[in-house]
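A short write-up of the structure that comes next.
The values are calculated or read from the model by the stated rules, or taken from the named source; none is laboratory data. In this text the structure is predicted, and so the values were computed from the model without any measurement. No Cβ is skipped: glycine too gets one built from the backbone with ideal geometry, and neighbour counts run over all protein chains shown. For accessibility, only protein heavy atoms count, side chains too; no ligands or nucleic acids. Shrake-Rupley method; radii C 1.70, N 1.55, O 1.52, S 1.80 Å.
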Number of protein chains: 6
Amino acid sequence: MTDYQVQSNEVGIFQAAIDNHLPLLIKGPTGCGKTKFVEHMAEKLKRPLYTIACHDDLSASDLVGRHLIGKDGTFWQDGPLTKAVREGGVCYIDEIVEARKDTTVVLHPLSDHRRILPLEKNGEIIEAHKDFVLVVSYNPGYQNLLKGLKPSTKQRFVTLEFDYPKEELEISIVCQQTAIDIKTASQLVGLAREIRNLKDSDINESVSTRLIIYTALMIKNGLSAQDACNHCLILPLTDEQETIEALKRLVNNYF
Amino acid sequence: MTDYQVQSNEVGIFQAAIDNHLPLLIKGPTGCGKTKFVEHMAEKLKRPLYTIACHDDLSASDLVGRHLIGKDGTFWQDGPLTKAVREGGVCYIDEIVEARKDTTVVLHPLSDHRRILPLEKNGEIIEAHKDFVLVVSYNPGYQNLLKGLKPSTKQRFVTLEFDYPKEELEISIVCQQTAIDIKTASQLVGLAREIRNLKDSDINESVSTRLIIYTALMIKNGLSAQDACNHCLILPLTDEQETIEALKRLVNNYF
Amino acid sequence: MTDYQVQSNEVGIFQAAIDNHLPLLIKGPTGCGKTKFVEHMAEKLKRPLYTIACHDDLSASDLVGRHLIGKDGTFWQDGPLTKAVREGGVCYIDEIVEARKDTTVVLHPLSDHRRILPLEKNGEIIEAHKDFVLVVSYNPGYQNLLKGLKPSTKQRFVTLEFDYPKEELEISIVCQQTAIDIKTASQLVGLAREIRNLKDSDINESVSTRLIIYTALMIKNGLSAQDACNHCLILPLTDEQETIEALKRLVNNYF
Amino acid sequence: MTDYQVQSNEVGIFQAAIDNHLPLLIKGPTGCGKTKFVEHMAEKLKRPLYTIACHDDLSASDLVGRHLIGKDGTFWQDGPLTKAVREGGVCYIDEIVEARKDTTVVLHPLSDHRRILPLEKNGEIIEAHKDFVLVVSYNPGYQNLLKGLKPSTKQRFVTLEFDYPKEELEISIVCQQTAIDIKTASQLVGLAREIRNLKDSDINESVSTRLIIYTALMIKNGLSAQDACNHCLILPLTDEQETIEALKRLVNNYF
Amino acid sequence: MTDYQVQSNEVGIFQAAIDNHLPLLIKGPTGCGKTKFVEHMAEKLKRPLYTIACHDDLSASDLVGRHLIGKDGTFWQDGPLTKAVREGGVCYIDEIVEARKDTTVVLHPLSDHRRILPLEKNGEIIEAHKDFVLVVSYNPGYQNLLKGLKPSTKQRFVTLEFDYPKEELEISIVCQQTAIDIKTASQLVGLAREIRNLKDSDINESVSTRLIIYTALMIKNGLSAQDACNHCLILPLTDEQETIEALKRLVNNYF
Amino acid sequence: MTDYQVQSNEVGIFQAAIDNHLPLLIKGPTGCGKTKFVEHMAEKLKRPLYTIACHDDLSASDLVGRHLIGKDGTFWQDGPLTKAVREGGVCYIDEIVEARKDTTVVLHPLSDHRRILPLEKNGEIIEAHKDFVLVVSYNPGYQNLLKGLKPSTKQRFVTLEFDYPKEELEISIVCQQTAIDIKTASQLVGLAREIRNLKDSDINESVSTRLIIYTALMIKNGLSAQDACNHCLILPLTDEQETIEALKRLVNNYF
């Protein structure tokens, strides 16, 4: 099993949604455990997981499949979404707002009562396997006018909201994943939480649990806490010298 | 038969339009039953239904067909529109304003007295089968300067306007589709209707019947009304913490 | 013969233009009979008609032809324009301003004294058949800065201007095409003409003859005049509730 | 021989330029005879003429050539420019500013002392045949910020400036090409010249000689002068009703 | 071994990061030794190095691989990233912010705990070899709104910050790489450092160590210090005559 | 040998740069002899010259090479840059800022100590032949925000700055290349220099030596100085009637 630690009622909601064949949308900041949660549920459900990281140039074809040219002319090759639909797997589409619009519309007939995937390019219409689960995520922090989710898309998903774990939980996650002593873990989490509360800084997204884990790993590896924090917590956050200096002073209050 | 519940004179208008071989345009907000209605009519008419969800990158070729490369060179493959035109099926083009302009123009010769589909790419001109029906839909809520329907397109369609069902009807739809008790259904519909009337919120589209059904299903599944509303009615609507809190308070007035 | 009804001197001008091998440009609003007129003339001249509806993505290749890949490699396939040029047909390019610029320039050597069509892509230069007629249309209502016709294109065409038919003529057209009683036809045309005169409405193009015909057909089919007007005259024109209400009141003055 | 009538010193300049293997640029408004002049010179020189009308989507490949797929894989096919370069023909590139930038740069090594055409796509470098002549034209009236000719392009061409012919010459051209009586021809030319002097109208380019010829042909064909002027001189110039009325009044002063 | 000279704790951080299978991000101005450092570490680790210079049109396929058409139809060809992932090499992606967004997202599953590379185009999922190291670099000087690194990308990398070497070190680098006398090297470095401190000039990036080395090489080659500085230090920095003159005066203070 | 006439220390700098395997950048206005200089040096060095004129659509593939489809599937074809790199030729990339960004980045590994050309598309990495020389040019006059050279590119090149030749030199160039009498040559150069000093005109680039040569050739051919200047010096510079008149008056002061 993955080492996922439950944060709230997310497991129950997820279970209830798939019992009703409803698709899920997970909102949350970067590095707060969205991916790990989906991996955890897929394992729990014993279903294959297909993860797709979206980007500006991800098109419907990358999800659904495309024609390739073989020795006997073109043949159709399923994309990851199509595979999940046929086999009854979990398809996790990460940061969906980054993808091109056509990708989201491809999901419509899959995400309502029809549960079908029309392969327009080769004229097939696939009924989703009963075990097929569709999960998409996005980061409200990025939301912009150009690239929000259309209401007609959002209103098809049972929605979960994730955030960074609570203090105790985050400490135990750091300990468990890095085998670092609880004292250092607590200092690092405390530091991270203080940085997260720096409102009027130029940091446009805050310290993720992932970065705390990086830092702990580097300390375990023999680096000084200052160096580890500098290279794993501070420099990944900002390029502004003033901010860097301010954060270094903050580190010194902890170590 | 699909479990569609008639809302007004839509069935008669639809029938009269196809008796005269006139194409139909259905306006209405997301999740108010446009798709279900078309599925219902196709079943009633015993004609195959081809549904196409439009998007930024949907081109005429996706509707009409394209050349593929086979072992003997290129061959032509009909798209869903072409199939419907040949077989006399119902072609339903959902959210047509999302598609690229060329798609709408392809519909012109099909939607006037000519009833033909010219396949420019392979030089064929198809006379539509007598049973062919063309239905397009769009959501006036999205209309924008860049992507309105051209008058020369709009003025080719008999037009139906859909809205969310009336209170009693919506309650009975929720009961019928979720087997939830009438009391809870009434509370959910009441709540949804109150949210729909929130004028000056940042919600750019309102609670669909679909979301009410989701919520009811989750309650049936054992979730608390609060949780179900939060994950199925509120979070899918907005990312703004203030709005979320306001909507939660609203929920508490009902449950 | 098509049931075209002559409006003015258009037939004579058309004839004089083709006697001199001059191309024609037809200006006019949507649904006023441009297409029917060209069909009528093609029939009268007993020449094949090729109609092309233009759109944002229509390129020169869609008119002229393209290379396809066959079992013996690529072969050239004529487009509709090329066919008309070879056979001496009528090529009608509808709403030419919608097409991409390259399409209009392809027409230049065909529309001046040279009467040739250079197929740049495969190096052939075709002399137009003596019976070849080039007709293009556009709707001045759409004209915009981005997509006007270049003067160097416009100044190659004998130009006809179409408008909605005069009252009596429009009434007789409606009667003839729908077999509705003259009284209702007159009411509908009167109503349409009153709507056309609504200057400061948000309607960016007005009621076409086509919509009047739709309405008459629906009434013949048993719909009430109110319903028919609502679904065929009003809703296709606008999405604004105020305008819709205003137009409904107008309808009530007539029926 | 074409029926070209010399306007000024253009023939001498053209001859001197090609004697020195210098390329030519012809500036001038639409329909003033640029194309006819180049046809005339090509005939005079007994060299094949390749005319290319430029547009937004004309790319270097359309001039130079491209790889096509044949039964034995790809083969190279010369474009019109390449043919002229090999055979020693006249290549006339009309409205070059309309073409994509890459087309103009392809002309650089051809238009300076090197006289070579590098076919980057297939690695060949062609020395221009001694008789090869490069002529490009553009219409300063269109010049815009986005699409001017780069100085590094302009400064490679001996430049000719064309304008509408002088009154007597234009009259004789009209008579010669339409066999109309001199009186009518004079009236038409006088009318055209008066329109050309309408400064503050919304006409963004003025009456070309071509349109005068159209009008004369239509009158010869039996149309009234009013009708002919309306359909061949006025409607091709503008869509504005006010301007149209003003021009009609002007016509009445002449006929 | 490459002639890299250690500047600070970069080697230790690099080692600690790869001991924990963490990816690295190197920030720093142009020509300060980022590339040399990565070459040095790859040699030290005895692992193959794959360097990719990013640009506007670098797409995920250029990193990951693509289908090519062979005599038996399409076959897959690994890109440099895929090769490094399979073989356990070092993949250095230089100036990653210059690349298209999809390239950065391809790195996500490789740069977190999963260490996998999904080849969406051919459906394979590759587990990274234990020795695989991912290093990316970017130049904060260029950072712009359009093309910053997404937080969700940045927060996956242990980050190193490079700058120009300290004075003594830079002098010794110049001597070692050009075999120039220490006196000239010191003058050149002193000059470069003074230019780097010119705040309010129009120079948007400053003299790199690389340019100092160029200058020294040219002097060794017999050029006067003035000429060498002019052609290797000044003209590569700016096109502004005023700035050029100012910098020449500065040079005269040193030579 | 080409008839290049040395202007300053450009030959020595060029030689010193290639002795140290350093790439060169030549700045200068249009038609001042950049191309001739590079041809001259290539001849002097007895190395093949590959010249590439850049434009908006020139991509890395046009420089490096591409896969073509042959009877046995795809094969790789070297581009001009790759040929020069393999054979040890001179690759001259003219007006590099006009090219797409990816082209400049392709040059990075070739223009620093690595001297390699990675062919990402087919996975080969080529070590540059010892005689390979890279020369790029651009025209600071065009520099714009969108299309400047990146500092990380500029700072890789030894830079030469060209300008129009000094008066005496320019006169002798004109005489030598046109065999015109020294008096006329002096008048033409004097005229050109006076035009170059017209600051506040609308001429966005000034008379090149090339245009003076054109003019001299036309005079030799029997044209009057007025005509020659008009067609070769004035009309290529501007479309503004006022400017044209002013320049004609200027010409009359000389002839």
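Go through (1) in a helix (DSSP H, G or I); (2) open to solvent by 40 Å² or more (accessible area, probe 1.4 Å); (3) in contact with a Leu (Cβ under 6 Å, 6 or more places away or on another chain) for residue C:43 and report which single condition fails.
All conditions pass for residue C:43, except number (3).
I need the full set of residues from segment E:97-125 which are in contact (Cβ under 8 Å) with a residue 60 or more places away in the chain and farther than 29 Å from residue A:74 by Cα, in order please.
Taking segment E:97-125 as the starting set, the residues that turn out to be in contact (Cβ under 8 Å) with a residue 60 or more places away in the chain are E:107, E:110-111, E:115, E:121.
Selection gives E:107, E:110, E:111, E:115.
Could you say whether any residue in segment B:179-199 is among the small types (Gly, Ala, Ser) and at pLDDT below 85?
As a first pass, look at segment B:179-199 and keep what is among the small types (Gly, Ala, Ser): B:179, B:185-186, B:190, B:192.
If we keep only those that are at pLDDT below 85 as well, we get none.
Within segment B:179-199, not a single residue is among the small types (Gly, Ala, Ser) and at pLDDT below 85.
Got at least one residue in segment E:202-217 being more than 23 Å from residue E:33 (Cα to Cα) and either outside the structural domain of residue E:31 (by TED's automatic domain parsing) or not aliphatic (A, V, I, L, M) (or both)? Before you say what the answer is, go through the steps one by one.
Within segment E:202-217, the first condition is being more than 23 Å from residue E:33 (Cα to Cα), and the residues that meet it are E:202.
Narrowing the set further to residues that are either outside the structural domain of residue E:31 (by TED's automatic domain parsing) or not aliphatic (A, V, I, L, M) (or both) leaves E:202.
Yes - at least one qualifying residue is present in segment E:202-217.
Can you pull out every residue in segment C:111-136 that is part of a loop (DSSP other than H, G, I, E, B) and more than 19 Å from residue C:96 (Cβ to Cβ)? Break it down stepwise before answering.
Narrowing segment C:111-136 to residues part of a loop (DSSP other than H, G, I, E, B): C:112-115, C:120-123, C:128-132.
Scanning segment C:111-136 gives C:113, C:114, C:120, C:121, C:122, C:123, C:129, C:130, C:131.
Residue E:104 passes all but one of (1) at pLDDT 80 or above; (2) crowded, with 22+ Cβ neighbours inside 10 Å; (3) under 18 Å from the mean Cα position of the chain (by Cα); which number fails?
In the conditions (1) at pLDDT 80 or above; (2) crowded, with 22+ Cβ neighbours inside 10 Å; (3) under 18 Å from the mean Cα position of the chain (by Cα), residue E:104 misses (1) alone.
Residue by residue, here is whether (1) modelled with pLDDT under 90; (2) basic (Lys, Arg) holds:
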residue	(1), (2)
B:30	yes, no
B:47	no, yes
B:81	no, no
B:90	no, no
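Going by the structure shown, is residue B:66 in a strand (DSSP E or B), more than 17 Å from the chain's Cα centre (by Cα) and either basic (Lys, Arg) or not assigned by TED's automatic domain parsing to the domain that holds residue B:136 (or both)? First the steps, then the outcome.
Values: in a strand (DSSP E or B): yes; more than 17 Å from the chain's Cα centre (by Cα): yes; either basic (Lys, Arg) or not assigned by TED's automatic domain parsing to the domain that holds residue B:136 (or both): yes.
So residue B:66 fits the description; yes.
Among the residues that make up segment C:145-152, is at least one of them modelled with pLDDT of 90 or more, surrounded by 15 or more Cβ atoms within 10 Å (Cβ to Cβ), hydroxyl-bearing (Ser, Thr, Tyr) and over 17 Å from the mean Cα position of the chain (by Cα)? Working first, answer last.
We begin by selecting, within segment C:145-152, every residue modelled with pLDDT of 90 or more; these are none.
No, segment C:145-152 has no match at all.
Say whether the condition of being within 14 Å of chain E (Cβ to nearest Cβ) and open to solvent by less than 10 Å² (accessible area, probe 1.4 Å) is met by at least one residue in segment A:184-205. First the steps, then the outcome.
So in segment A:184-205, the residues within 14 Å of chain E (Cβ to nearest Cβ) come out as A:192, A:195-196, A:201-205.
Cutting the leftovers down to open to solvent by less than 10 Å² (accessible area, probe 1.4 Å) gives us A:192, A:195.
Looking through segment A:184-205, at least one residue is within 14 Å of chain E (Cβ to nearest Cβ) and open to solvent by less than 10 Å² (accessible area, probe 1.4 Å).
One line per residue, one yes/no per condition, for (1) outside any loop (DSSP other than H, G, I, E, B); (2) more than 8 Å from chain B (Cβ to nearest Cβ); (3) touching a residue at least 24 places away in the same chain (Cβ under 8 Å); (4) open to solvent by 10 Å² or more (accessible area, probe 1.4 Å):
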site	(1), (2), (3), (4)
C:17	yes, yes, yes, no
C:26	yes, yes, yes, no
C:35	yes, no, yes, yes
C:50	yes, yes, yes, yes
C:58	no, no, yes, no
C:81	yes, yes, yes, no
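Look at segment E:155-169 and say how many of its residues are open to solvent by less than 20 Å² (accessible area, probe 1.4 Å) and out of contact with any Ser or Thr (no Cβ under 6 Å at 6 or more places or on another chain).
Of all residues in segment E:155-169, those open to solvent by less than 20 Å² (accessible area, probe 1.4 Å) come to E:155-160, E:162, E:165.
When the remaining residues are screened for being out of contact with any Ser or Thr (no Cβ under 6 Å at 6 or more places or on another chain), the result is E:157-160, E:162, E:165.
So the count comes out to 6.
Given (1) surrounded by fewer than 23 Cβ atoms within 10 Å (Cβ to Cβ); (2) part of a loop (DSSP other than H, G, I, E, B), where does residue E:243 come up short, assuming only one miss?
With (1) surrounded by fewer than 23 Cβ atoms within 10 Å (Cβ to Cβ); (2) part of a loop (DSSP other than H, G, I, E, B) applied to residue E:243, the lone miss is (2).
Counting just the residues of segment B:107-125 that are open to solvent by 10 Å² or more (accessible area, probe 1.4 Å) and over 25 Å from residue B:16 (Cβ atoms), which one comes out nearest to the other protein chains (Cβ to nearest Cβ)?
Of everything passing the filter in segment B:107-125, B:120 is nearest to the other protein chains (Cβ to nearest Cβ).
Mind listing whichever residues of segment B:216-239 are assigned to a helix (DSSP H, G or I), in contact (Cβ under 8 Å) with a residue 12 or more places away in the chain and at the interface with another protein chain (Cβ under 9 Å from one of its Cβ atoms)? Let's see the steps before the verdict.
Step one: of segment B:216-239, the residues assigned to a helix (DSSP H, G or I) are B:216-220, B:225-234.
Still in the list and also in contact (Cβ under 8 Å) with a residue 12 or more places away in the chain: B:216-220, B:225-226, B:228-234.
B:217, B:218, B:220, B:228, B:230, B:231, B:232, B:234 - these are the residues of segment B:216-239 that are assigned to a helix (DSSP H, G or I), in contact (Cβ under 8 Å) with a residue 12 or more places away in the chain and at the interface with another protein chain (Cβ under 9 Å from one of its Cβ atoms).
Give me a count of the residues in segment A:83-100 that are crowded, with 19+ Cβ neighbours inside 10 Å and within 8 Å of another protein chain (Cβ to nearest Cβ). Outline the logic, then answer.
Step one: list which residues in segment A:83-100 are crowded, with 19+ Cβ neighbours inside 10 Å, which gives A:84-85, A:89-100.
With the extra rule that they be within 8 Å of another protein chain (Cβ to nearest Cβ), the set shrinks to A:94-95, A:98, A:100.
Summing the residues that are crowded, with 19+ Cβ neighbours inside 10 Å and within 8 Å of another protein chain (Cβ to nearest Cβ) in segment A:83-100 gives 4.
Looking at segment F:55-79 only, could you name the residues that are at pLDDT below 85 and among the β-branched types (Val, Ile, Thr)?
F:69, F:74, listed by residue number.
Tell me, which residue of segment D:5-15 that is in contact (Cβ under 8 Å) with a residue 24 or more places away in the chain and assigned to a helix (DSSP H, G or I) is surrounded by the fewest Cβ atoms within 10 Å (Cβ to Cβ)?
Taking segment D:5-15 and keeping what is in contact (Cβ under 8 Å) with a residue 24 or more places away in the chain, we get D:5, D:7, D:10-11, D:13-14.
Remaining after also requiring assigned to a helix (DSSP H, G or I): D:10-11, D:13-14.
Working: D:10: 21, D:11: 15, D:13: 22, D:14: 22.
Per the criteria, the residue is D:11.
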